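Visitor: The following block contains the structure, expressed as structure tokens.
The values are calculated or read from the model by the stated rules, or taken from the named source; none is laboratory data. Predicted, not measured: the structure shown is a model, and the values here were computed from it. Cβ placement follows ideal geometry from the backbone for every residue including glycine, while neighbour counts extend to all protein chains displayed. Side chains included, ligands, DNA and RNA excluded: accessible areas come from the protein's heavy atoms. Shrake-Rupley method; radii C 1.70, N 1.55, O 1.52, S 1.80 Å.
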Amino acid sequence: MAEKIIMFCRHYVLLIVLLPYRTLQFFHHKLSFQVSRASKLDAAEGIENHVPIEPKLPSSFIIDSEIQSEFAHHAPGVARMNNGSFGCCPASVISALQQWQLKLLSQPDHFYFNELENRILESRHKIKDLINAEDVDEVSIVDNISTAVAIVLQQAAWAFAEGKFNKGDAVIMFHCAYGAVKNSIKAYFSRAGGYAIEVQFNFPLNSKEEIISEFSKALEREKGNGRRVRLAVIDHVTCMPSVIMPVKQLVKICREEGVEQVFIDAAHGVGCVDVDMQEIGADFYASTLYKWFFCPPAAAFLYCRKSATYSDLQLHHPVVSHRYGMGLGEESFWVGTRDYTPYLVLPSAMEFVKRFEGGVEGITKMNHDAVVEMGKMLAEAWGTNLGCPPDMCASMIMVGLPSCLGISSDDDAMKLWAHLRKKFGVEVRTHYQAPKDGEVVLTTGYVRICHQIYNKVDDYYKLRDAINQLVHDGFTCALEFNEA
């Protein structure tokens, strides 16, 4: 009798237990359930289980040990607080990249002729949805921001050559625009006969209104001088010093003041701040995907609003190849034989992001909160200040360095950057903020600390202790670097 009871339990009890689950699954098929425990019981009891394995419960997000495993390839012993320069790529995305590269190398003819175009189109569609663009034709994948800038400024150079722009027509930008972007403006715009306006603002900053005010005054002044401003180039998040720019308000001002086109340089865009094309309203928006969205270098995109794309100022990729004249998205898809595989791993990067609670918004908030906390800790430890209010920083924040270090030039800042890396294993950007004429300031040196998901509190303690050690040793830039 006992043997029969045991046999009944083995063959029927589990099925009875699973019946409510099967019923719930039928009526709520869009919900995810974790059934791995039931599967293990089935295997142990020798019962065939036909219930499909569902995705993990929403509560089963990535844990810290998994994050550290994804970035175990990072150099050991180095405190990396400079994600803003070159980004990071998790092991799962690197694996996907390598699979694509093997596919390319194993049969390049098939890959280039039959696979590449559709895969790039897939990535373009995902970007369209990610940034809330209206049409996939507004999205072109490029390698980096420099290429995106060249595409936009090249059309301006042609406009001067074809008589659509007049000599002296202007581009307006902020003084802290990225150096490579400034050089592109010189190469394409100024050389063609254009005039560059640089808007200054004080740093440290107290509020975004200071930026808005200076920009408005500069536009009004140039307009009063009869200057026609054809293009505005505005960072979404500036590089050095790092601060979130009030792009929505600045775009609105440009529209009111008759600036014809607005380009947003968002090297620190997707994955670092909220990005919505309908809300921002710019004509052009370029963001990397490797700095803050876990793709490998080099992958980026250029969004061109339809009204800008189909204007009489045609956009073309600066590298001319077989797709010339077929639209920017098509031209960018093929610029000659090269490794396009970084463009193809965006779906893998998006799957990685989904492993975090809140997805990309959750990561962005976590990085912001952490970098503010670490910035305050460092400022208190060094007796200095933050470069801007917390609501004006993204995943990066500027922290003043002790004045006794004697940072008095850009060269000093660059050498200190290298010194921290070589002597202390600390990777962090340093910045020299020149005082205005006649101005006396205590803090002329800053570090830009970044926070990404792989960072630990110990990274920032290591930076804190390194600077404290330099102060304790009587280190000064003049003494150390001039002697060297």
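Visitor: Count the net charge of all other residues whose Cβ sits under 12 Å from the Cβ of Asn82, scoring Lys and Arg as +1 and Asp and Glu as -1.
Guide: +3
Visitor: Moving to a separate point now. Find which of Gln107, Trp158, Val181 sits farthest along the positive direction of the dipole of segment 97-197, computed with +1 on the beta-carbon of Lys and Arg, -1 on that of Asp and Glu, about the Cα centre.
Guide: After comparing all options, I get Val181.
Visitor: At what distance in nm do the modelled label points of Gln99 and Lys376 sit from each other, each positioned 7 Å from its Cα along Cα→Cβ?
Guide: For the pair Gln99/Lys376, the computed spacing is 4.3 nm.
Visitor: For Lys223, give me every one of the aspartates and glutamates with a C-alpha distance below 16 angstrom, ignoring sequence neighbours fewer than eight places off in its own chain.
Guide: In chain and number order, the partners are Asp169, Glu198, Glu214, Glu256, Glu257, Glu260.
Visitor: Calculate, for segment 366-484, the solvent-accessible area per residue in square angstrom, rolling a 1.4 angstrom probe over the heavy atoms of the protein chains.
Guide: 45 Å²
Visitor: Need one number: nm distance between label points at Glu115 and Arg228, each 7 Å from Cα along Cα→Cβ, rounded to one decimal.
Guide: Between Glu115 and Arg228, the label points sit 5.0 nm apart.
Visitor: Tell me the carbon and sulfur percent of the accessible area for the chain, rounded to whole percent, probe radius 1.4 Å.
Guide: That fraction is 54 percent.
Visitor: Could you state the accessible area per residue of segment 141-191 in Å², with a 1.4 Å probe and every protein chain left in place?
Guide: 39 Å²
Visitor: Now, a different point. What does the C-alpha gyration tensor say about the overall shape of segment 221-334? Classify as rounded when a/c is under 1.5, otherwise prolate if a/b is larger than b/c, or oblate.
Guide: Oblate, because a/c is 1.5 or more while a/b does not exceed b/c.
Visitor: From largest to smallest, what semi-axes in whole angstrom does segment 222-271 give when each is the square root of 5 times an eigenvalue of its alpha carbon gyration tensor?
Guide: Gyration-tensor ellipsoid for segment 222-271: 23, 11, 9 Å.
Visitor: At 18 angstrom or more along the helix axis (alpha-carbon based) and mean Kyte-Doolittle of 1.0 or higher, what helices does the chain contain? Whole DSSP H runs only.
Guide: Flagged H segments are 14-27, 145-161.
Visitor: Give the average over all directions of the projected area of the C-alpha convex hull of the chain, one decimal, in nm².
Guide: It is 30.9 nm².
Visitor: Summing +1 for each Lys or Arg and -1 for each Asp or Glu, what net charge is found among the other residues whose Cβ lies under 13 Å from the Cβ of Leu289?
Guide: +2
Visitor: Per residue, how big is the convex hull around the C-alpha atoms of segment 338-445? Give it to me in cubic angstrom, could you?
Guide: Enclosed volume per residue, from the Cα hull, is 178 Å³.
Visitor: Quick check on packing: order 388-396, 130-138 by the mean number of other C-beta atoms within 10 Å, highest mean leading.
Guide: 388-396, 130-138
Visitor: Right, something else. I'd like to check one number: the per residue accessible area of segment 231-272, probe 1.4 Å, reported in Å² as a whole number.
Guide: I get 22 Å² per residue for segment 231-272.
Visitor: Please give the contour-minus-distance gain from Ser409 to Glu198: 0.36 nm per residue of separation, less the Cα-Cα distance, rounded to one decimal in nm.
Guide: Taking 0.36 nm per residue and subtracting the Cα distance, the gain is 73.9 nm.
Visitor: Okay, next question. Express in whole angstrom the spacing between the alpha-carbon centres of segment 225-297 and segment 106-149.
Guide: The two parts, judged by their Cα centres, are 21 Å apart.
Visitor: What 222 nm value per residue comes from the helices of the chain, counting each DSSP H run with n ≥ 4 as -39,500 (n - 2.57) and dividing by all residues, nearest 500 deg cm²/dmol?
Guide: Counting only the DSSP helices, I get -13000 deg cm²/dmol.
Visitor: If you count the DSSP beta bridges with both ends in segment 239-332, what percent of them are antiparallel, to the nearest 5?
Guide: 50 percent
Visitor: Could you tell me the calculated FRET efficiency between Ser65 and Ser106, based on Cβ-Cβ distance and R0 = 51 angstrom, to the nearest 0.05?
Guide: 0.90
Visitor: Then there's this: When only alpha-carbon atoms are used, what values of Rg and Dmax, in angstrom, describe segment 356-399?
Guide: 11.4, 36
Visitor: If you take the square roots of the eigenvalues of the alpha-carbon gyration tensor of segment 69-186 and sort them as a ≥ b ≥ c, do you get rounded (a/c under 1.5), prolate (a/b over b/c) or oblate?
Guide: Oblate, since a/c reaches 1.5 and b/c is not below a/b.
Visitor: Using a/c under 1.5 as the rounded threshold, could you call segment 394-470 rounded, prolate or oblate? The axes a ≥ b ≥ c are square roots of the C-alpha gyration tensor eigenvalues, and prolate needs a/b larger than b/c, oblate otherwise.
Guide: prolate
Visitor: Which value, in Å² and to the nearest 10, is the accessible area of Glu373 when all protein chains are kept and the probe is 1.4 Å?
Guide: 120 Å²
Visitor: For the chain, what proportion of DSSP beta bridges, expressed in % and rounded to the nearest 5, is antiparallel?
Guide: That works out to approximately 50 percent antiparallel.
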